[in-house]
Structure formats: structure tokens, C-alpha cells
1. Among the numbered criteria (1) surrounded by fewer than 20 Cβ atoms within 10 Å (Cβ to Cβ); (2) more than 12 Å from the chain's Cα centre (by Cα); (3) closer than 16 Å to residue 72 by Cα, which one does residue 36 miss?
2. What tally of residues in segment 103-124 results from selecting those that are surrounded by 15 or more Cβ atoms within 10 Å (Cβ to Cβ) and either over 15 Å from residue 33 (Cβ atoms) or in contact (Cβ under 8 Å) with a residue 40 or more places away in the chain (or both)?
3. So, in segment 15-33, how many residues would count as being loosely packed, with under 14 Cβ neighbours inside 10 Å and farther than 12 Å from residue 78 by Cα?
4. Within segment 54-86, restricting attention to residues that are surrounded by 17 or more Cβ atoms within 10 Å (Cβ to Cβ) and over 15 Å from residue 107 (Cβ atoms), which residue is farthest from the chain's Cα centre (by Cα)?
5. If you check residue 41 against the conditions, is it in a helix (DSSP H, G or I) and crowded, with 20+ Cβ neighbours inside 10 Å?
6. Determine which single condition residue 12 fails, assuming it passes every other condition in (1) farther than 25 Å from residue 75 by Cα; (2) touching a helix residue (DSSP H, G or I) at 6+ places or on another chain (Cβ under 7 Å).
7. Restricted to segment 28-38, and to residues that are in contact with a strand residue (DSSP E or B) (Cβ under 9 Å, 6 or more places away or on another chain) and part of a helix (DSSP H, G or I), which residue is nearest to residue 80 (Cα to Cα)?
8. Does residue 52 fit the bill of being among the β-branched types (Val, Ile, Thr), modelled with pLDDT of 95 or more, under 13 Å from residue 119 (Cα atoms) and touching a helix residue (DSSP H, G or I) at 6+ places or on another chain (Cβ under 7 Å)?
Amino acid sequence: MHLLGFEIETIEIGLVEGQLQLEEKHKQHKGFAHGGVIATLADIVMGFAAVTLVPADQHVVTADLKVSYLNPGVGTALFAKGWVLKQGKRLNFCEAEIFTIDGQGEKTLIAKASATMATLAPQAS
């Protein structure tokens, strides 16, 4: 998250939002936001949204991730929003939306994602 420059803006129970200012290193050769960057942002916000719902002594890992790319990622920034759709004891089912933000602040939906986040209990020493 920090290596990309992604900044979390909102943390609520089951919901996380944040923004990434797009730089050349985040783009493909045609200037679009790289698909791997988009997938990573989706994974980050969904994972942190799941973390808000588990006890502090437990961990969350991505068990399954699916990203659907809807529009080219052209803009000055990316906005990512992730939430827990359904919480279980060991699995959290999450969704995310990724938007580009243009120079006028207008958002365009560029990807939707879903993930299954597994909750892991700490190992005994």
C-alpha cells in the first residue's frame, strides 16, 4: 500500500475507501492505469474492510479475488471503495469498486471486484 502511494481516507466498520494519485509508474504503455495496480487497490480496500470486523488477535488473508475491468483507467487519480458484503466466522465476502478521477474531480467506474477473505486464528507457540 505504501509502496504504491495509496492513502486510506475512510475507515468504518466493514468499509474502507482511499485514493491513489496516478504517476507514470502506475500506468501501462498506453497511459491507462495498470490492471495490476487496480487489482491491488481492490484487494487492499476489501482486506482492510474485513479486518475491521475480526478480533484484533486474528488475521485476514485473501482466499479468492476476482476483478472485472469495465473501462480504461484514464485520469489523474484512482479512488477505491471496499466493503464486506457478508461476514462469517471464517470467511468474509467482500466487494469493491475502483474509479478514475479526472482533472475536474469527476469519477468514472473502471472496475468492480469481489473477494473471499479468510480469517485466521493466531497459531499457538
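The values are calculated or read from the model by the stated rules, or taken from the named source; none is laboratory data. On a predicted model such as this, the values are computed, not experimentally measured, just so you know. Because the Cβ atoms are built from the backbone with ideal geometry, glycine has one as well, and the counts that use them run over all protein chains shown.
1. Every condition holds for residue 36 apart from (2).
2. Adding up the residues that qualify gives 10.
3. Of the residues in segment 15-33, 6 are loosely packed, with under 14 Cβ neighbours inside 10 Å and farther than 12 Å from residue 78 by Cα.
4. Filtering segment 54-86 down to residues surrounded by 17 or more Cβ atoms within 10 Å (Cβ to Cβ) leaves 54, 60, 65, 67, 73, 75, 77-84.
If we keep only those that are over 15 Å from residue 107 (Cβ atoms) as well, we get 54, 60, 65, 67, 82-84.
Values: 54: 18, 60: 14, 65: 11, 67: 10, 82: 6, 83: 9, 84: 11 Å.
If we take residues in segment 54-86 being surrounded by 17 or more Cβ atoms within 10 Å (Cβ to Cβ) and over 15 Å from residue 107 (Cβ atoms), then 54 is farthest from the chain's Cα centre (by Cα).
5. yes
6. Condition not satisfied by residue 12: (2).
7. Within segment 28-38, the match that is nearest to residue 80 (Cα to Cα) is 38.
8. The answer is no for residue 52.
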